[in-house]
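The values are calculated or read from the model by the stated rules, or taken from the named source; none is laboratory data. Small disclaimer: the values here were computed from a predicted structure and weren't measured. Cβ coordinates were reconstructed from backbone atoms using ideal geometry, including for glycine residues, and neighbour counts include every protein chain displayed. Only protein heavy atoms, including side chains, enter the accessible area calculation; ligands, DNA and RNA are left aside. Shrake-Rupley method; radii C 1.70, N 1.55, O 1.52, S 1.80 Å.
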Amino acid sequence: MSRVLELDAVSGGYGDTEILHGINMHVEAGEIVVVIGPNGAGKSTAMKAVFGLLNLTAGSVRLDGVDITNTPPSDVVKQGVCYVPQTNNIFANLSVEENLEMGAFVRNDDYRPQLEKIYQMFPPLREKRQQAAGDLSGGQRQMVAMGKALMLEPKILLLDEPTAGLSPKYRGEIFSTVRTINAAGVPILMVEQNAKQALGIADRGYVLVDGSNSVMGTGQDLLNNPNVGELFLGGGRA
Amino acid sequence: MLTVENLCKHFGGLQAVHNCSFSIAEGTITGLIGPNGAGKTTTFNMIAGELTPTSGQILFEGENIAGLPTHEMFHRGIVRTFQIPHELAQMTVLENLMLVPPAQPGERLWSNWFSRATVNNREKAVMEQAEDALDFLSIYHLRDELAGNLSGGQKKLLELGRTMMTEAKLVLLDEPGAGVNPTLVLKIRDMIQRLKDERGYTFCLIEHDMDMIGALCDPVIVMAEGAVLMEGTMDDVRRDPRVLDAYLGGEAA
Amino acid sequence: MYALYDFINFHFIPGLVLGSIYALGAIGVTLTFGILRFANFAHGESMTLGAYIAWTLITLTGWHPIAVLPLAMLITAVVAVGIDRGFYKPFRAAPTIMLVIASFGMMLMVRSAIQFSWGVQLKSLQSGIQQPLILFDAIRISPKHVVIVGAALALMVIIHLILSRTKMGKAMRAMSDSPELAKLTGIDTEQVIRNTWIIGGALAAAAGVLLAYDTHVETMMGFQVLLPVFAAAILGGIGKPYGAMIGGLIIGLAEELATYPWIGDTPLVSPGYKAGVAFVLMIGILLWRPSGIMRGRTF
Amino acid sequence: MDALYGYSLYFVSLLTMGGIYAVLCLGLNVQWGFAGLFNAGIGGFFAIGAYATALLTTAPSARHIGGFEINTLVAYGVSMLAAGLVAWGVGKVCLRLRSDYLAIATIGAAEVVRLIFKNETDVTNGPRGVSAIPKPFETLPEPWNHIAFLAIVLAAVAIAYWALQIAQRSPWGRVMTAIRENEPAVRAAGKDVERFRMEGFVLGAMLMGLAGAFMSQYLKFVDPNLSDPLTATFLVWVMLVVGGSANNKGAVLGAVLIWTLWSASEIVTGSLPDEWAVRTAYARIFLIGLMLQIFLQKYPLGIFPEKRPRPPRSERDANAPVGSK
């Protein structure tokens, strides 16, 4: 198995506040990797580090073995990393199809076959292709956001808390969507708050605490690990 | 002291807070915890008047204050701090504090021209008060430093200092320990306890440092999915399987 | 019936003509406001510039104003892009109010450059009086009004096609929606900005030429319609090109219809205050619905 | 000797106009420098002040209303109030929106003000304007009448400067600065931000009204062109940006400096042959505009950058703070 994405001892933050202290993480081909941890552990920050949205003070990020540390986001996209932010991830005034077309902005070849694939993957989007994306339900908006990212046929997809703020019904929808995408061969790195469900579909998971690695293991291992609960609710430390 | 009844806030289709009810008793340090997206900060924003609730009531000392603007909340004695410090970067630490006291005569333009003695006297008093606060927080040496030059932790202390410049009754602290090194967290914890004991503030704090919550707060309110999941001591909370489940995102809570 | 024909001849048709000119101007304003996030005060001057360029081209070639229109639009667009390079680009990361001040200064610079180059005398794009077309024995339409409305409609259709069919047009709408997400999506934002100036500048020039064709070429003409054009953009909803088109028509019609004697024999609003109608409508919309009819962005 | 006398008179008139612009510029400094509000319709408030004084102080005339021959000082007060009142109305609508809307609305308000002065012929004598406005001390012998009027203007500049210096260093000014720095923090500290903004906007407009009152007396004549965006609005912006916004000294010196440049360059262009005189007059507008752009880009703080007041001395010894209680 080859490592698609690798974070090697990455440190960094915003301004002079360091949030990540030497994070190690990797995603292998075909995997779903989930990052969990208590609030403020630096999960989303770690994802932004991959996408060049953070100034890294140490460490490196490699994509397929190529160093992409501190590459600006627009170039990271071109290298095949797609990132779906937690909020503000669709163009609300554009139609569903236009959102997907924008996802292919940097492509110069014919993207229609990929568009067709995405409609096959998410039939509801085909139905609503002409509707403004902002009028869709929460779950379908996330589908648009992910579909938009997939238009580039990325080497890896980064998802930042795709189920945040969604009701349990939609959550299930999102997790099965993630699985569908993965089944199509796209490795996924996602940050999730709903650890149980996320670990349920994950190949591996990382637990971050205070900007450092804490535990790593398969999804099931982590779910059964009693220390994980303590990390969230304290009492185990101090 | 403060009772929140069936508070709701919807953003478009998103229900950030839904039928949330709890109360905060006078003289307590109440902890507000819960997973990300549970609606804690949204609830704070509504109590502090930055957001108008979609529906529901906020009763403060018996009066419904839901929907009043921030400065009205402030004048009733509700003061908040921010998770990301809102310091006035180009102003000195002292000025940051001196800005806060309400109803300063010098805030009326004409008083500055026509009754300067009153203004100057109050300025002196306000400065004394600010210096006392700086002493209390042991950052007096930073008095004339621009607030923008402070470290993250010092800015957090300054946030706390601002609450000391008011006739606050209820102080809402949004993650006072976030992004602060462990030594300073202990210090902030100590300050909060002392402010409660010495000045009689009632606190409500959002925090993810469970040790801080455990040491300071009784009771602890757990929010999930925009509503209150449970209330009790930190030990109760730790023991309750529903809480861990909410944090780990089990099926519908 | 006479009153009805009067209404159509002297109020409705002029309103439609003015409205379509405002609509063209307002599209540019709403695009720059939506994408670059600032109110461009120099927009009226782009209109003036377009009219003067057209006048020069007509003087050189003797062609019809509509024939020189594309070239005037092209030249104005190039100037607009140049102005962006020199005077707006340095402020990309600065608070947008700096851009407003810069555009305010630009307004005076462009106008004085026009006054320096062409002088301040009135000029006409076409001399001679045309026979009006007469319909139903009573409705009189000047042929140039037909040309103006026709040209404006054609341009609006073209803009619609660009915004809804081309990749760049969609990218412009996307950036107007969310500049941050546009960057994350890999959209070349500088290219989008350049195209915004090209479209905004070209449409402003078109509005200026059509306005000059209807009346005359004058150095203050752009400034005089700046307020109605802004009002149209706000009325339609900032960042909404289609809203700007509708807003332009509404403002144009409102200005002309306001002088119709709706009650009794005297005009509802004295013609001297025609220019104030746009202001009153704008204040009204800011009071009641700042997001405009198409629910645009409010700041 | 005659030449020297001529130069002196020119100098007096230069200072008088510079002083009037200094009042305008101080007004803009309150709005933009203190409160961060973009006013693109300075000319409107200026014209309101000018017309108020014109209609109140002139002798009765069939051509316009007024002619109350009212006391000059009262007229100044009314001019300021009238401008302030209009500012309050515009502010009520626009201050809650972002600055761009205020900019558009003020440009519109100035335009409407001009339309009213132009169209309400019965009230203002329309485009022909109001003439024979009495000027204080004009009965004094030749140089002294000019000098006395200059003294009034300079006194106004001094009072306005003094009042604004105090205001800026006061708790009121502290709140103003804080609003520009971080609005949510000021709201969280219980300040009514809208009230402060409104006060800044109205105070600034009142100063502009006062400047208008002076202008009407200096010219002894007003007409609707007084609100010309070029000389009444744009030039004032250049003055403040070049001088340094949020700095009262910058506002005053910027006004005098730019007015001197403006006036001196007019002498140069005016002395050219007719053919060139008209054109170069426009070239100098272009150059002043370019100067604004250069300052905006290269020296955005102006010649005199904003200076925060020095921290007040403590009553206690800063080196040995009283131990915590």
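A few remarks follow.
- Number of the condition not met by A:G234 [criteria: (1) at pLDDT below 90; (2) open to solvent by less than 50 Å² (accessible area, probe 1.4 Å); (3) within 19 Å of A:P85 (Cα to Cα)]: (3)
- Qualifying residue in the range D:25-45 (condition: over 21 Å from the mean Cα position of the chain (by Cα), in contact (Cβ under 8 Å) with a residue 12 or more places away in the chain and at negative phi): no
Yes/no matrix, rows are residues, columns are (1) in contact with a Lys or Arg (Cβ under 7 Å, 6 or more places away or on another chain); (2) aromatic (F, W, Y); (3) farther than 22 Å from D:T106 by Cα:
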position: D:V222; (1), (2), (3): no, no, no
position: D:S227; (1), (2), (3): yes, no, no
position: D:T231; (1), (2), (3): no, no, no
position: D:G254; (1), (2), (3): no, no, yes
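- Lone unmet requirement of (1) more than 30 Å from C:K240 (Cα to Cα); (2) under 14 Å from the mean Cα position of the chain (by Cα) for A:L150: (1)
- Among the residues of the range B:80-123, those identified as farther than 30 Å from A:T17 by Cβ, of a type in the set (D, E, K, R) and touching a Pro at 6+ places or on another chain (Cβ under 8 Å) are B:E107, B:R122, B:E123.
- Listing of strands (runs of 3 or more DSSP E) fully contained in the range A:28-120 that carry 1 or more residues being under 18 Å from A:V178 (Cα atoms) and either open to solvent by 20 Å² or more (accessible area, probe 1.4 Å) or at the interface with chain C (Cβ under 10 Å from one of its Cβ atoms) (or both): A:81-84
- Where A:V186 falls short, out of the listed (1) open to solvent by 10 Å² or more (accessible area, probe 1.4 Å); (2) in contact (Cβ under 8 Å) with a residue 60 or more places away in the chain; (3) among the aliphatic types (A, V, I, L, M): (2)
- Number of the exception - C:P261 against (1) assigned to a loop (DSSP other than H, G, I, E, B); (2) closer than 25 Å to D:G44 by Cβ: (2)
- Restricting attention to the range B:23-50, the residues that are modelled with pLDDT of 85 or more, closer than 26 Å to A:E230 by Cβ and open to solvent by 30 Å² or more (accessible area, probe 1.4 Å) add up to 1.
- Taking helices (runs of 4 or more DSSP H) as the structural unit, those lying wholly within the range D:224-325 and holding at least 1 residues that are away from chain C (no Cβ under 14 Å) and either touching a Pro at 6+ places or on another chain (Cβ under 6 Å) or β-branched (V, I, T) (or both) correspond to D:248-270.
- When the range C:267-284 is filtered for residues that are in a helix (DSSP H, G or I) and open to solvent by 50 Å² or more (accessible area, probe 1.4 Å), the ones remaining, listed by number, are C:P271, C:K274, C:V280, C:L281.
- Selected residue [without any contact (Cβ under 8 Å) to a residue 60 or more places away in the chain, open to solvent by 30 Å² or more (accessible area, probe 1.4 Å) and away from chain D (no Cβ under 13 Å)] from C:W262, C:W288: C:W262
- Residue list for the range B:195-239, restricted to those being closer than 28 Å to B:S138 by Cβ, open to solvent by 50 Å² or more (accessible area, probe 1.4 Å) and free of Cβ contacts under 8 Å to residues at least 40 places away in the same chain: B:D197, B:E198, B:R199, B:A215
- Against the conditions (1) closer than 16 Å to B:I221 by Cα; (2) open to solvent by 30 Å² or more (accessible area, probe 1.4 Å); (3) in contact with a Lys or Arg (Cβ under 6 Å, 6 or more places away or on another chain), B:T54 satisfies every one except (1).
- Scanning the range D:56-98 for residues that are hydroxyl-bearing (S, T, Y) and closer than 15 Å to D:G41 by Cβ returns no hits.
- Residues satisfying the stated conditions in the range A:155-173, i.e. in contact with a Gly (Cβ under 6 Å, 6 or more places away or on another chain) and modelled with pLDDT of 80 or more: A:K155, A:E173
- The set of residues from the range D:192-203 being closer than 25 Å to B:A125 by Cβ and open to solvent by less than 10 Å² (accessible area, probe 1.4 Å) comprises D:V193, D:F196.
- C:Q224 falls short on exactly one of the conditions (1) open to solvent by 30 Å² or more (accessible area, probe 1.4 Å); (2) more than 26 Å from D:A105 (Cβ to Cβ), and that condition is (2).
- The residue that is farthest from C:L18 (Cα to Cα), counting only those in the range C:137-175 that are surrounded by fewer than 16 Cβ atoms within 10 Å (Cβ to Cβ) and either hydroxyl-bearing (S, T, Y) or in contact (Cβ under 8 Å) with a residue 24 or more places away in the chain (or both), is C:T166.
- Leading residue by the ranking (nearest to the other protein chains (Cβ to nearest Cβ)) among those in the range A:189-207 that are part of a helix (DSSP H, G or I) and open to solvent by less than 10 Å² (accessible area, probe 1.4 Å): A:A195
- Screening the range C:107-117 for residues that are open to solvent by less than 10 Å² (accessible area, probe 1.4 Å) and more than 7 Å from every other protein chain (Cβ to nearest Cβ) and picking the one that is farthest from D:G41 (Cα to Cα) gives C:I114.
- Per-region count, the range C:178-200, residues more than 22 Å from the chain's Cα centre (by Cα), assigned to a helix (DSSP H, G or I) and charged (D, E, K, R): 3
- Across the range B:106-122, the number of residues qualifying as facing chain D (nearest Cβ under 7 Å), touching a residue at least 12 places away in the same chain (Cβ under 8 Å) and surrounded by fewer than 19 Cβ atoms within 10 Å (Cβ to Cβ) comes to 0.
- Of the numbered criteria (1) open to solvent by less than 20 Å² (accessible area, probe 1.4 Å); (2) at the interface with another protein chain (Cβ under 8 Å from one of its Cβ atoms), the one B:H141 fails is (1).
- Verdict on A:V228 being at pLDDT 80 or above and β-branched (V, I, T): no
- Residues of the range B:171-186 satisfying the condition of being in contact (Cβ under 8 Å) with a residue 24 or more places away in the chain and not hydrophobic (A, V, I, L, M, F, W, C): B:D174, B:E175, B:P176, B:G177, B:G179, B:N181
- For the range A:16-38, the set of residues classified as under 14 Å from the mean Cα position of the chain (by Cα) and of a type in the set (V, I, T) consists of A:V27, A:I32, A:V33, A:V34, A:V35, A:I36, listed by residue number.
- D:T57 being more than 26 Å from C:S270 (Cβ to Cβ), open to solvent by less than 50 Å² (accessible area, probe 1.4 Å) and either among the basic types (K, R) or within 21 Å of the chain's Cα centre (by Cα) (or both): no
- Selected residue (only one of A:T177, A:T218 is more than 9 Å from chain B (Cβ to nearest Cβ) and more than 14 Å from the chain's Cα centre (by Cα)): A:T218
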